[in-house]
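Every number here is computed from the coordinates shown, using simple stated rules; none is lab data. Keep in mind the model is a prediction, meaning the values are calculated, not measured. Quick reminder, even Gly has a Cβ in these numbers, built from the backbone with ideal geometry, and neighbours come from all protein chains shown.
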Amino acid sequence: MIRHNIDRGKSRRTNSHREAYDVARWRLQLAARRRGMNGSLSAYPAPAPQTVGDLFAAAELILDVGTGDLPHTAARRLTRDAQTLVMTSAASQWAGAKMMLGSMLLEPLCTPEAERIAGVNDLLDPRDRAVFAAAVRHWKAAGNDGQKLAAMVLAEIREHPAVGSAENARSILCDIAESVATAAHVESFAKAVRDAALKRRLVDIATTAARAASNGRTGEEVLADLLADVEDLRRSRDRKSKFPRMTMGELRQNHPERRRPVVEGLIREGETMNIIAAPKVGKSWLVYSLLLSIANNERWLGRFEVTPGKVWLLDNELHPEELRWRLDTVADAMGIPLDVIDRRVVITSLRGNMRSLKDLKEEGIEPGEFKLIVGDACYRFATIDGDENSNTEQTKFYNLVDSIAWEAIAAVGLVHHASKGDQSGKAITDVGAGAGAQSRAADCHLVIRPHEEEG
């Protein structure tokens, strides 16, 4: 798939300069750190994972108290024992997480082994979770090229709320990279991470039991809750679920902030939006103004705040010459300098060279490269990737769109046409040709209809 710059159809420069700069800075920082480490990277023994069977046994000892009130001393002892195990191994837990992530970046092909044992929710530090999730997402594309995977991870995590900047991202990767010299022990590191997470969960369970025992609840009630929590923990650790569970506390810890808005009040990063109007009323022109507003960091329609960044228009209806003229015309009307759109607006013209969204997903998009990706028009993509009038096919199509938005960390918009006839009496979600799944699947269903009064 060939992308074009908007200025006179020149071949688009790749977005590798920023990534190459970031990776170079990261490697320089790493080299500087290693020069002062007195050769301590020569070898790392595999850590011996600590067992937690004694904590399970301690929880089950509470059975001995019968049906009477749970003694405060037993609850306090359980809490103390759990906290002691966590505290005494805090350093090894931190090192295990860094070494596991370092192994994944050193040899990306060991990532599946780490993921088989540990999950993203097993990591305590949200920055480590961001690195782990990015590495798992991109290791296949990197092959066994650690430098390529590091570049992909760097490009993604610098936009993460827990990281905050490219400088912080480079520093985080430096800490991780210098923690390990070989990926040979990734299994041990992953087991240490998983074990540490288990201990933290046990501390939570024990602390909850101690608090309940001190707040007047009966021993029977405390015991029932405690054993139920322990049993749930056992089951959750016995298998790698396709439906990973999080407690509300874990959810709050892992996702402390909402996704950043791309267009305030309409769509956020990783979300999808339909833009619906009757044929030939100017919906594509409206989309051009949206794309240029994001590129130039100005309110869309004078109302909606935007997050500035690069945008990508995939157009399957117009020739490149027409797209150039239209976008230049809108930029001139909005008073936007051409150098802004030359740098921040990317065009792919598919007229006469149609491709599907499956092709786009397989080709991949650099995470965080674009703020908004727009497909114009939806019906031409949908007929390749499924039947526009089938709810089943449209659900599959929007699942595909969702996965593209998630992997690209970008908002994705689809320009679509309304059904035939008068739309004024229809509900918003009923406007749009084809199956009704389209409005249910999208995060935002934006409809343009004629006003009831002329003028």
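Observations, loosely collected:
- Scanning segment 169-183 for residues that are among the β-branched types (Val, Ile, Thr) and in a helix (DSSP H, G or I) turns up ILE172, ILE176.
- Taking the numbered list (1) buried (at least 19 other Cβ atoms within 10 Å of the Cβ); (2) in contact with a Lys or Arg (Cβ under 7 Å, 6 or more places away or on another chain); (3) without any contact (Cβ under 8 Å) to a residue 60 or more places away in the chain in turn, ALA135 passes all entries but (2).
- Any chance SER293 is at negative phi, in contact with a strand residue (DSSP E or B) (Cβ under 9 Å, 6 or more places away or on another chain), buried (at least 22 other Cβ atoms within 10 Å of the Cβ) and without any contact (Cβ under 8 Å) to a residue 60 or more places away in the chain: yes
- Considering GLU305, GLU321, GLU317, the condition of being of a type in the set (Asp, Glu) and out of contact with any strand residue (DSSP E or B) (no Cβ under 8 Å at 6 or more places or on another chain) is satisfied by GLU321 alone.
- Lone qualifier among LEU202, LEU223 - being touching a Leu at 6+ places or on another chain (Cβ under 9 Å), farther than 30 Å from ILE365 by Cβ and buried (at least 23 other Cβ atoms within 10 Å of the Cβ): LEU202
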